[in-house]
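These notes are about the structure you will find just below.
The values are calculated or read from the model by the stated rules, or taken from the named source; none is laboratory data. Predicted model only: the values in this text are computed from it and were never measured. Positions of Cβ are generated from backbone atoms using ideal geometry, with glycine treated the same way; all protein chains shown enter the neighbour counts. Heavy atoms of the whole protein, side chains included, go into the accessibility calculation; ligands, DNA and RNA do not. Shrake-Rupley method; radii C 1.70, N 1.55, O 1.52, S 1.80 Å.
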Amino acid sequence: VNKTYSPKQVARAIGVSESSLKRWCDQGLIHTVRTAGGHRRLMLPDVLEFIKSQGRDLVEPEVIGLPALTRAGVRTLERARQDLINALVAGNETASRQIVFDLIFAEHRLCDICDEVIGDAFHEVGDLWDCGTVEVYQERRACEIIVRVMLELRQFYRDPSTRAPLAVGAAPAGDPYTLPTTMAELVLRENGWRAVSLGSNLPFNTLAAAVRDQHPQLFWLSVSSIDNEDEFVTGFNEFVEQARQMGTAVLIGGRALTEPIRKRLNFTSFCDRMRNLEEFAQTYRRGASPSPSELSAKDNEN
Ligand code: B12
């Protein structure tokens, strides 16, 4: 459930008087809920929508639980990626959070932040590790930091209604990578889905149980690492068969899914970037899914 804030807190956060803020609430400019006692309360996604639509700034974001802004000016995605690499390697969680939140406030799409800033920063961290410049602990710490930051980003999006389409996803057995499935969850949530990531390293039989129990409209599988290709292909195709019987579409993505492997898999759709997932999330409706070729803009280059 989204946390709520008082008009006084929100007024301070955006640097206006409490009376102005209450007036805007009453004029319906900002969505407001009332407590049992009749007090106005505001939810963060509504506050953010108001700020965007009215072109306001956050003066003291800390008051509503957001990180202090860096005042670094508007960052380009390119600049942010470089800053994020430095912050992550240094283990600077505060700076990492600020960089990501600044981009959200600058109204960059979450999917682009995932693809072009966070994802690409980790590709670079991997290269630095590969050439011995970065220690394993620094790489691991960077993952821990970014997962925490991504979980914090959840507060920006309204809790999806129980009528919103349900999507469940995971990474398969032998795949320890947590970032991509966490990203997929967030991107789907931003696009109004009830998305739940089950985590990584999960065998197909338990994924099938999740589909049976939850009846999601969509299941995403993020595949970054495959132990045994033949076993993976067999397990996956059996899983898809079971999912289809439940009316669940299966979408796949991840850098391990090279074209030769994809040819052996009976998936519904393939997306190679979070940007494609967003397009899918916006167009897909039960019975009217776009064809895989519309989504796989290009092969994964990692
Ligand atoms: C962190 C990390 C780890 C961590 C992960 C921890 C965690 N909690 O996730 C751990 C410690 C597990 C790990 C282990 C290993 N790693 Co590692 N790791 C990385 C690193 C630095 C980052 C991975 C990551 O999260 N990237 C960020 C994600 C978001 O990027 P992405 O996977 O490309 O995803 C994007 C797209 O593919 C797409 N996408 C992905 N999934 C999905 C799903 C859907 C539905 C959609 C729509 C899109 C989508 O969207 C994403 C955003 O654009 C990478 C470097 C790299 N190039 O990524 C190395 C890297 C992948 N690892 C590597 C290696 C060698 C290993 C080990 C073998 C090391 C070892 N000796 O033990 C093991 C192997 C483990 C295994 N079973 O595979 C090599 C792989 C080399 C190769 N060619 O195979 C890399 C490339 C590092 C390097 N430069 O050498 N690693």
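Quick notes on this one:
- Cα-based radius of gyration of the chain once divided by 2.2 N^0.38 Å, which approximates compact folds: 1.08
- Relative to one another, the C-alpha centroids of the stretch 251-267 and the stretch 137-186 are positioned 21 Å apart.
- Ordering 184, 76, 91 by the projection of their Cα atoms onto the charge dipole of the stretch 44-194, which places +1 on the Cβ of Lys and Arg and -1 on the Cβ of Asp and Glu, puts 184 at the extreme positive end.
- Entry note, the chain: the mean residue ellipticity at 222 nm calculated from DSSP H runs of n ≥ 4, each adding -39500 (n - 2.57), is -14000 deg cm²/dmol after division by the residues and rounding to the nearest 500.
- The gain in end-to-end length when the residue 148 to residue 283 segment is fully stretched comes to 45.7 nm, 0.36 nm per residue minus the alpha carbon separation.
- FRET efficiency for residue 261 and residue 68, using Cβ-Cβ distance with R0 set to 41 Å, rounded to 0.05: 0.35
- Taking the accessible area of the chain, probe 1.4 Å, and keeping the other protein chains in place, the carbon and sulfur fraction comes to 47%.
- Taking every alpha-carbon pair under 8 Å whose residues sit at least 6 apart, the chain reaches a relative contact order of 12 percent.
- The peptide list 58-65, 113-120, 90-97, put in order of mean Cβ contacts within 10 Å with the highest first, becomes 113-120, 90-97, 58-65.
- The modelled label-to-label distance for the pair residue 52/residue 228, using points 7 Å beyond Cα in the direction of Cβ, is 4.7 nm.
- A DSSP coil position with no more than 10 other Cβ atoms inside 10 Å describes the following trypsin sites (Lys or Arg not before Pro) in the stretch 185-275: 263.
- Modelled label positions at residue 33 and residue 133, each set 7 Å beyond Cα in the direction of Cβ, lie 4.7 nm from each other.
- Computed over the stretch 212-284, the range of Cα coordinates on each principal axis works out to 31, 28, 18 Å, biggest value leading.
- Over the chain, accessible surface divided per residue gives 48 Å², non-protein components excluded, 1.4 Å probe.
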